[in-house]
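The values are calculated or read from the model by the stated rules, or taken from the named source; none is laboratory data. Because the structure is predicted, anything quoted here is derived from the model rather than measured. No Cβ is skipped: glycine too gets one built from the backbone with ideal geometry, and neighbour counts run over all protein chains shown.
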Amino acid sequence: MVYAAKCFICGERAAARVSYLSEFLCSKHFVEYFERRVRAAIEWFRMVEPGDRVAVAVSGGKDSLTTLYLLSKYSGELGYEVFGIAVDEGIAGYREFKLEALRSFTSELGVDLHVVSFKELFGLTLDDAFKALAERGLEIKPCAVCGVFRRYALNKAARELGATKLATGHNLDDEIQVFVMNLLKAHVDGVVREGVVSEPGEEALVPRIKPLYFVPEKEVLVYTLLKGIYTPFVECPYIVYALRHPVRRWLNAVDSEDPGVKYRVLAMKEVFRNVLQPPSKTLGRCELCGEPTSHRVCRACELKTYILGSHNSLKKPAV
Ligand code: SF4
């Protein structure tokens, strides 16, 4: 990824082009620019405070590894602790490779890693869930199950491990893809649900922070390449069922014609969040598992019950 162009700051050979600035940067200045932006977001939004215990949700992909790396880098100076939580969904041919790389990354970084699995929490792997759902015509897609189970698993593990913040590696592209998907599904709750930091809420919900919220995916990729942050190139086999896939391609195509459009979509998301106030929901406890929920039974228990077919009612849960 070395361009013939020159860095606009020092004149050295360029390593990356920041398209919305229409400028090239060498590797040194790109890394500085990238890190400065992430740190500025962390400080501006007060994502962390001295004494915090920050759990980083690490999937082993480039975004979560970068989040863990940077949060760990600033932890001494900003006075908080960091550790990683990985979720093993039970996706054969994918998760084991990511976990292996993740273990070596965290051990080199000197950061503790805790692994929680769908199998232990829900009694089934995502592969099991996929088989059961496929037999019923795949009305519920694997990513929907994965998303609900993962959110549940991360919050529960973070809380039980004493975390005061839960950081995720969502970047700008992730945020606008979810925003567009929520618009397409007319999910108003989803549109307004989460910004760069989660609203203060129930004690049992660990507050979420997203240090890469304003950083485009491409820039995270360049950063990991320049910093030698390695992730194995394996893709989840269920990605083909995700609505995110075509939405992502479409947004990339529009952005290549009109650089900067992704920032405008993100800005629209914030406008929507301000106009459409999140509905105030009182959280109670799930009757089956005791985790926080605004329903009688939480989404994870509903899905698990539906997939295992262990309940009289096999009504399809809304996901
Ligand atoms: Fe889970 Fe879907 Fe991502 Fe695979 S692609 S890890 S099923 S959310």
Pairs, please: C-beta under 8 Å, at least 6 apart or cross-chain, first residue within 15 Å of VAL58 (Cβ to Cβ) and in region 141-156, second within 8 Å of the ligand (Cβ to nearest atom) and at pLDDT 95 or above?
-> ARG150/GLU89
Output the number of residues of region 108-130 satisfying the condition of being β-branched (Val, Ile, Thr) and within 14 Å of the ligand (Cβ to nearest atom).
-> 1
Selection within region 72-99 - part of a helix (DSSP H, G or I) and more than 16 Å from the ligand (Cβ to nearest atom) | SER72, LYS73, TYR74, SER75, GLY76, GLU77, LEU78
Cβ-Cβ under 8 Å pairs, at least 6 apart or on other chains, region 187-213 side touching a residue at least 24 places away in the same chain (Cβ under 8 Å), far side assigned to a helix (DSSP H, G or I) and among the polar types (S, T, N, Q) | VAL188/ASN182; VAL191/ASN182; ALA204/ASN155; LEU205/ASN155; VAL206/ASN155; PRO211/THR67; LEU212/THR66; LEU212/THR67
If you check ALA157 against the conditions, is it more than 13 Å from the ligand (Cβ to nearest atom), surrounded by 15 or more Cβ atoms within 10 Å (Cβ to Cβ) and not in a helix (DSSP H, G or I)?
-> no
Considering residues of region 214-243 that are more than 16 Å from the ligand (Cβ to nearest atom) and closer than 21 Å to PHE97 by Cβ only, the residue nearest to the chain's Cα centre (by Cα) | VAL220
Answer residue from region 130-153, given it is outside any helix (DSSP H, G or I) and among the hydrophobic types (A, V, I, L, M, F, W, C) and is modelled with the highest pLDDT among those = ILE140
In region 131-148, what residues are within 14 Å of the ligand (Cβ to nearest atom) and farther than 25 Å from THR168 by Cα?
-> LYS131, LEU133, ALA134, LEU138
Odd one out for VAL116 among (1) of a type in the set (Val, Ile, Thr); (2) over 25 Å from GLU160 (Cα atoms); (3) modelled with pLDDT of 95 or more = (2)
Would region 50-64 turn up any residue that is in a strand (DSSP E or B) and within 16 Å of the ligand (Cβ to nearest atom)?
-> yes
Could you pull out the residue among GLU199, GLU219, GLU194, GLU203 that is under 21 Å from VAL54 (Cα atoms), surrounded by 18 or more Cβ atoms within 10 Å (Cβ to Cβ) and acidic (Asp, Glu)?
-> GLU194
Among the residues of region 160-197, write down those that are part of a loop (DSSP other than H, G, I, E, B), small (Gly, Ala, Ser) and within 16 Å of the ligand (Cβ to nearest atom).
-> GLY169
Flag for CYS286 being within 16 Å of the ligand (Cβ to nearest atom), of a type outside the set (D, E, K, R) and surrounded by 17 or more Cβ atoms within 10 Å (Cβ to Cβ) | no
Hey, could you check region 241-279 for residues that are exposed (fewer than 11 other Cβ atoms within 10 Å of the Cβ) and among the β-branched types (Val, Ile, Thr) and say which is modelled with the lowest pLDDT?
-> VAL275
Does GLY84 meet the test of being surrounded by 19 or more Cβ atoms within 10 Å (Cβ to Cβ) and touching a residue at least 24 places away in the same chain (Cβ under 8 Å)?
-> yes
Residue count for region 231-266, restricted to those that are more than 16 Å from TYR94 (Cβ to Cβ) and among the hydroxyl-bearing types (Ser, Thr, Tyr) | 2
